[in-house]
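A short worksheet on the structure shown next.
The values are calculated or read from the model by the stated rules, or taken from the named source; none is laboratory data. Treat the numbers as computed from the prediction; the structure is a model and nothing was measured. Note that we place each Cβ from the backbone using ideal geometry, even for glycine, and neighbour counts take in every protein chain shown. In case anyone asks, the SASA skips ligands and DNA or RNA and just uses the protein heavy atoms, side chains included. Shrake-Rupley method; radii C 1.70, N 1.55, O 1.52, S 1.80 Å.
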Amino acid sequence: MNFIKNNLANAFTLGNLFSGSIGVINLVDGNYKVAALCIIISLVLDFLDGFVARALKANSNLGAQLDSLADMVSFGLLPGVTMFKALEGFGNQFMDFELPFQLKYLGLFVALFSCLRLAIFNLDEEQSYYFKGLNTPSNTVLLFGMYYAFQETGMFWRTFENPMFLVGLIAASCWLLISPIKMIALKFKSMKLKDNYPKLILLLGGILLISILGLAGIPMVIVFYIIVSLIFQKQLK
């Protein structure tokens, strides 16, 4: 019984990794709808592993390591492959320059900086009730959400039909991952209303954006999340 209690959270983490791996394979094959489903499953399992570990008081060093390794695939490699696919059709042409390599490989820098971000997070003991930099699941929702909305509705076409804008998006994503900006974490330090204003604003604004913009509202929630975090920098501690 203790074995199940101590490893139930780890089972959810491995499920996250399994789902993320399937998502990467399908994304490479062009099945972005299956990849989207895999991301949703990974997000749910990523939430559940932490929730279950805290509820059962089964936190462990093994669980922490497994969590980062799973996230590296689901929320590191997968968004990197997303940008790889987005740049795939541009060959080695960037603006008026002919590059000595395929432009699509720049998308994998998202995976590199996601790995760096996860390593920094593991070594930083301050990030209990806030994040430093954009967390990898949010970054994945931002990049893949834009890509999915473009594929389904043509939204964000100015970005995905212009390699310069795509490279700029990749650069912004990489910087946000390791930036010193404090970002809201959905953990409650207290139940006082004044301590949770940023989370409430984020929740209400997110619902409003998705209800108005539909698919395009999903990545815009992450943009709103960044803006709200910037506004409430002094309150995040």
Worksheet item: If we scan segment 42-62, do we find a residue that is under 27 Å from residue 125 (Cβ atoms), among the basic types (Lys, Arg), out of contact with any strand residue (DSSP E or B) (no Cβ under 8 Å at 6 or more places or on another chain) and open to solvent by 60 Å² or more (accessible area, probe 1.4 Å)?
Response: yes
Response to the item:
Of the residues in segment 138-163, those that are hydrophobic (A, V, I, L, M, F, W, C) and either open to solvent by less than 40 Å² (accessible area, probe 1.4 Å) or over 26 Å from residue 26 (Cα atoms) (or both) number 7
Discussion item. Exactly one condition in (1) assigned to a helix (DSSP H, G or I); (2) in contact with a helix residue (DSSP H, G or I) (Cβ under 6 Å, 6 or more places away or on another chain) is false for residue 172; which is it?
Written reply: (2)
Worksheet item: Can you list the helices (runs of 4 or more DSSP H) found entirely within segment 1-119 that contain at least 1 residues being within 18 Å of residue 137 (Cβ to Cβ) and aromatic (Phe, Trp, Tyr)?
Response: 2-28, 32-55
Worksheet item: Name the pairs: first residue in segment 132-150 and in contact (Cβ under 8 Å) with a residue 60 or more places away in the chain and outside any loop (DSSP other than H, G, I, E, B), second residue among the β-branched types (Val, Ile, Thr) and open to solvent by 20 Å² or more (accessible area, probe 1.4 Å), Cβ to Cβ under 7 Å, at least 6 apart or on different chains?
Response: 141/218; 145/218; 146/159
Worksheet item: Only one of (1) within 29 Å of residue 180 (Cβ to Cβ); (2) at pLDDT below 85 fails for residue 97. Which number is that?
Response: (1)
Discussion item. Taking the criterion of being farther than 24 Å from residue 173 by Cα, open to solvent by 10 Å² or more (accessible area, probe 1.4 Å) and without any contact (Cβ under 8 Å) to a residue 60 or more places away in the chain, would at least one residue in segment 73-83 satisfy it?
Written reply: no
Fill in: Hey, residue 132 within 24 Å of residue 40 (Cβ to Cβ) and either surrounded by 15 or more Cβ atoms within 10 Å (Cβ to Cβ) or at pLDDT 95 or above (or both) or not
no
Worksheet entry | Residue tally, condition modelled with pLDDT of 85 or more, out of contact with any Lys or Arg (no Cβ under 7 Å at 6 or more places or on another chain), open to solvent by 70 Å² or more (accessible area, probe 1.4 Å) and not aromatic (Phe, Trp, Tyr), over segment 175-200 | 1
Worksheet entry | Subset of segment 3-33 that is of a type in the set (Val, Ile, Thr) and modelled with pLDDT of 90 or more - its residue that is farthest from residue 144 (Cα to Cα) | 13
Worksheet entry | In segment 87-112, the residues that are touching a residue at least 60 places away in the same chain (Cβ under 8 Å), surrounded by fewer than 23 Cβ atoms within 10 Å (Cβ to Cβ) and touching a Leu at 6+ places or on another chain (Cβ under 9 Å) | 87, 90, 93, 94, 103, 106
